[in-house]
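One structure is given here, and the rest of the page talks about it.
The values are calculated or read from the model by the stated rules, or taken from the named source; none is laboratory data. Since the structure is predicted, the reported quantities are computational estimates derived from the model, not experimental observations. So basically every Cβ, Gly included, is an ideal-geometry build from the backbone, and we count neighbours across all protein chains shown. Surface areas here come from the heavy atoms of the whole protein model, side chains and all, with no ligands, DNA or RNA. Shrake-Rupley method; radii C 1.70, N 1.55, O 1.52, S 1.80 Å.
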Amino acid sequence: MKHYNIEATLSGERLDSYVNSLGLGFSRSYIQKLIKDGSLLVNALASKSSYKVETGDIITFSVPDEEEIEIIAQDIPLDIYYEDEDMLVVNKPKDMVVHPAAGRYTSTLVNALLYHCGNNLSDMNSILRPGIVHRIDKDTTGLLLICKTNTAYVSISAQLRAHSIKRLYKAIVCGIVNEDEGIIDKPIGRHNIDRKKMAVVDDGKEAITHYRVLKRFKNHTYIECQLKTGRTHQIRVHMASIGHPLLGDTVYGHPVKKLQGQTLHASRIGFKHPSFRQYMEFNAPLPEYFNELIKSNKL
């Protein structure tokens, strides 16, 4: 078990919100479950999610180690663009988490991969992430590389570190982007206050995004982004930093009614095959909801 013993440094925030803001990797619903079960204590006493923390409060709880968690295989359909003995290229749908994490151990891409591939997935990442070498957000759609063998994992990881994998994304951003194309070169790291968010920070890691305008609407712009680096939330953070957050981004922008999550699609991926070293490239069309937005007169 992993044990957490945290001294609160802020006052007046709800207990569940405060723990969620610490960036420990747990969903708010999972934190609320721990509180409800009496597994998360404040000053050694059971509390409620609505409890307002005070500076100096001691918050304690424990969660199982990854080795204690059994991830089940689930018969969930996969949109497979390519597969061989080394790897797969899959098109992830909207509202699917890539791998299990505290509070969510089912209905993820990994659960589906375990059903489809059995034990034929690389184990170099972790028990919770077999085969996973890179990822995209729950509400981002598009192409992902999955490694079946450790040899494939080493090769794809090296290409990611060398920034030699081609990754193109389609996105709709708020406002009118005046330049036809541009480069955003701003370091990204954890937000100084809200630890569950990323931000442009001076001591962050190098992050470079190339963008190109595809179409301008009345209040929004349809763009294509190419990543040179692959930081967490990179496109979302970078576009928000220049005043054009992604449409529907509830973290770095504003929520939109009838639109769950940001309009972001990983449309193309290119790489050298880990075994026969031939360059391969795949393209995934926009999902239906995205296409409908582009065709509508509501942008």
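Yes/no per residue for (1) buried (at least 16 other Cβ atoms within 10 Å of the Cβ); (2) closer than 30 Å to residue 122 by Cα:
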residue	(1), (2)
233	yes, yes
244	yes, no
293	yes, no
298	no, no
message = Give all pairs with beta carbons closer than 7 Å in which a residue from segment 260-282 that is touching a residue at least 60 places away in the same chain (Cβ under 8 Å) meets a residue that is part of a loop (DSSP other than H, G, I, E, B) and among the small types (Gly, Ala, Ser); count only pairs at least 6 apart in sequence or on separate chains.
response = 261/248; 262/248; 263/248; 267/284
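When you scan segment 187-195, do you find a residue that is touching a residue at least 40 places away in the same chain (Cβ under 8 Å), touching a strand residue (DSSP E or B) at 6+ places or on another chain (Cβ under 9 Å) and more than 18 Å from residue 94 (Cβ to Cβ), even just one?
Going through segment 187-195, the residues touching a residue at least 40 places away in the same chain (Cβ under 8 Å) turn out to be 188, 190, 194-195.
Add one more test, that the residue is touching a strand residue (DSSP E or B) at 6+ places or on another chain (Cβ under 9 Å), and what stays is 188, 190.
In the following step, the residues that additionally are more than 18 Å from residue 94 (Cβ to Cβ) were identified as 188, 190.
So far as segment 187-195 goes, yes, one or more of its residues are touching a residue at least 40 places away in the same chain (Cβ under 8 Å), touching a strand residue (DSSP E or B) at 6+ places or on another chain (Cβ under 9 Å) and more than 18 Å from residue 94 (Cβ to Cβ).
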ask   = If you go through segment 116-127 one residue at a time, do you hit one that is at negative phi, of a type outside the set (Lys, Arg), in a helix (DSSP H, G or I) and open to solvent by less than 40 Å² (accessible area, probe 1.4 Å)?
value = yes
request  = Considering only residues that are surrounded by fewer than 22 Cβ atoms within 10 Å (Cβ to Cβ) and of a type in the set (D, E, K, R), look in segment 131-166 and name the one that is nearest to residue 277 (Cα to Cα).
outcome  = 166
inquiry  = Given (1) open to solvent by less than 10 Å² (accessible area, probe 1.4 Å); (2) part of a loop (DSSP other than H, G, I, E, B), identify the lone condition not met by residue 253.
reply    = (1)
remark   = In segment 66-114, residues that are within 20 Å of the chain's Cα centre (by Cα), among the charged types (D, E, K, R), farther than 18 Å from residue 285 by Cβ and part of a strand (DSSP E or B) total 1
inquiry  = Suppose we keep only residues that are under 17 Å from residue 142 (Cβ atoms) and small (Gly, Ala, Ser) within segment 268-291. Which one would you say is surrounded by the fewest Cβ atoms within 10 Å (Cβ to Cβ)?
reply    = 270
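Do we have residue 211 as within 22 Å of residue 285 (Cα to Cα), free of Cβ contacts under 8 Å to residues at least 40 places away in the same chain and either part of a strand (DSSP E or B) or open to solvent by 50 Å² or more (accessible area, probe 1.4 Å) (or both) here? Reasoning before the result, please.
Numbers: within 22 Å of residue 285 (Cα to Cα): yes; free of Cβ contacts under 8 Å to residues at least 40 places away in the same chain: yes; either part of a strand (DSSP E or B) or open to solvent by 50 Å² or more (accessible area, probe 1.4 Å) (or both): yes.
Yes.
When you check residue 55 against the structure, is it closer than 27 Å to residue 248 by Cβ and either acidic (Asp, Glu) or open to solvent by 50 Å² or more (accessible area, probe 1.4 Å) (or both), yes or no?
Numbers: closer than 27 Å to residue 248 by Cβ: no; either acidic (Asp, Glu) or open to solvent by 50 Å² or more (accessible area, probe 1.4 Å) (or both): yes.
Judged against the criteria, residue 55 is not a match.
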note = Log entry, pairs with first residue in segment 1-24 being farther than 18 Å from residue 192 by Cα and part of a helix (DSSP H, G or I), second being modelled with pLDDT under 85 and not aromatic (Phe, Trp, Tyr), beta carbons closer than 6 Å, six or more apart or on different chains, reads 16/28
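Of these, 173, 201, which one is surrounded by fewer than 19 Cβ atoms within 10 Å (Cβ to Cβ), in contact with a strand residue (DSSP E or B) (Cβ under 6 Å, 6 or more places away or on another chain) and among the aliphatic types (A, V, I, L, M)?
201
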